[in-house]
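Down below is the structure, laid out as structure tokens.
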Amino acid sequence: MNRKNLQGEVWVYAEQEDGKLQDVSLELCGKARELADKLQVKVGAILIGYQVENLAQTLIAQGVDTVYLVDDANLKRFTSSPYAYVVEKLIEKYAPQIVLYGATPTGRDVAPRIASATRSGMTADCTDLQIDNVVDAKTKEEHKNILLQIRPAFGGNIIATIINPEQWPQMATVREGVFPKKEPDVARQGQVTREQFALDPKLLVVEALDRFVEEKKVDLKGARIVVAGGAGVGSKENFQLIFDLANALGGAVGASRAAVDGGFISGDYQVGQTGTTVRPALYIACGISGAVQHRAGMQDSAKIIAINTDPNAPIFSIAHYAIVGDLNEVIPYMIEAIKAREAI
């Protein structure tokens, strides 16, 4: 879809499961509000499901102006084809200029289908979104108010800024935890626009009979303190030091991708671009060099303490406190000091 609409809204695909909105969708509402205010346009949210109208006010309280509600018994359970079809039809009718999705299994399923159907570009796993004017280096043409879609690239070695000035709407998926969830304004007013689309039976050939959801074993996103270990921990057995420090502080255990790939700990604990994005009050990085990919998942922590034997480790560039030393010596001292303080 190459029809540019500079007055088009900024939309969020409001993902819900069993009548509960996903946190990433609420986080995106706040970012959409920020982008829309800069563009001087409104924020819209796409809400699809069955008997989910009660969720509209939650979205409005997070900064949405208009909730586009498609409530249909055929859409009670998520299946790719009908959901993608509904979003495509809404985009065709209302022509938003930006559509944002959570980089969840559902978002990663439906977003590429919609981008393909509308012939739009889409950037996956963004870590930041901004609005700016862009000048084409070849034609010198200036494109105003373009969405800058920022994400790590080439294995996390660089940060790439991707733009889509020709094919609209501009689309991006964003990982959970990248943007903070705003405090809801429960008194905020908005509107609900109800839409209904005749669904081709061919779109409904897949029926979800039941769902089995395995509970998360690790809640990194909700932790106030995270103690994370990297390749420098050395072994699976030595990772017990990380657990000991986390237990002493009442925090959660995290890990870098290198530690996970090394078999030291399971992927449930991974922090970074391909893991969980966290914003704790305190993040302690132990034996983590600080690759771009890892930093993207924890650099917004309120306080960062880094322990590494290499004084030039990239992690020190974002750490508030740097400890150059062997974690095998430093961590026991830290645990001892914590216990001594508790004993006073």
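The table below gives the values:
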item	result
Filter result (open to solvent by 10 Å² or more (accessible area, probe 1.4 Å), farther than 10 Å from Thr173 by Cβ and not in a helix (DSSP H, G or I)) within the stretch 96-126	Arg119, Ser120, Gly121
Criterion: part of a loop (DSSP other than H, G, I, E, B), modelled with pLDDT of 95 or more and in contact with a strand residue (DSSP E or B) (Cβ under 7 Å, 6 or more places away or on another chain) - qualifying residue of Ile288, Ile305	Ile288
Residue ID - most open to solvent (accessible area, probe 1.4 Å), chosen from residues in the stretch 35-70 that are part of a loop (DSSP other than H, G, I, E, B) and more than 28 Å from Gln130 (Cβ to Cβ)	Gln51
Breaking point among (1) surrounded by fewer than 16 Cβ atoms within 10 Å (Cβ to Cβ); (2) at pLDDT 95 or above, for Ile338	(2)
Checklist (1) touching a strand residue (DSSP E or B) at 6+ places or on another chain (Cβ under 9 Å); (2) more than 28 Å from Met122 (Cα to Cα); (3) modelled with pLDDT of 85 or more; (4) of a type in the set (D, E, K, R) applied to Arg194, failing item	(2)
Among (1) surrounded by fewer than 21 Cβ atoms within 10 Å (Cβ to Cβ); (2) closer than 24 Å to Thr276 by Cβ, the one test that Lys76 misses	(2)
Among residues of the stretch 253-278, those that are within 26 Å of Arg341 (Cα to Cα) and surrounded by fewer than 24 Cβ atoms within 10 Å (Cβ to Cβ), counted	1
Candidate set from the stretch 7-34 (those that are assigned to a loop (DSSP other than H, G, I, E, B) and not small (Gly, Ala, Ser)); member that is nearest to Tyr83 (Cα to Cα)	Glu15
Single match in Lys4, Lys89 (criterion: over 29 Å from Thr277 (Cα atoms), part of a loop (DSSP other than H, G, I, E, B) and open to solvent by 10 Å² or more (accessible area, probe 1.4 Å))	Lys4
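Conditions tested, residue by residue: (1) in contact (Cβ under 8 Å) with a residue 40 or more places away in the chain; (2) open to solvent by 70 Å² or more (accessible area, probe 1.4 Å); (3) among the hydroxyl-bearing types (Ser, Thr, Tyr).
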| site | (1), (2), (3) |
| --- | --- |
| Glu142 | no, yes, no |
| Pro152 | yes, no, no |
| Asn164 | yes, no, no |
| Pro180 | yes, no, no |
| Val186 | yes, yes, no |
| Gln189 | yes, yes, no |
| Val192 | yes, no, no |
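The values are calculated or read from the model by the stated rules, or taken from the named source; none is laboratory data. Source: prediction; values computed, not measured. Neighbour counts run over all protein chains shown; Cβ positions are idealised from the backbone, glycine included. In case anyone asks, the SASA skips ligands and DNA or RNA and just uses the protein heavy atoms, side chains included. Shrake-Rupley method; radii C 1.70, N 1.55, O 1.52, S 1.80 Å.
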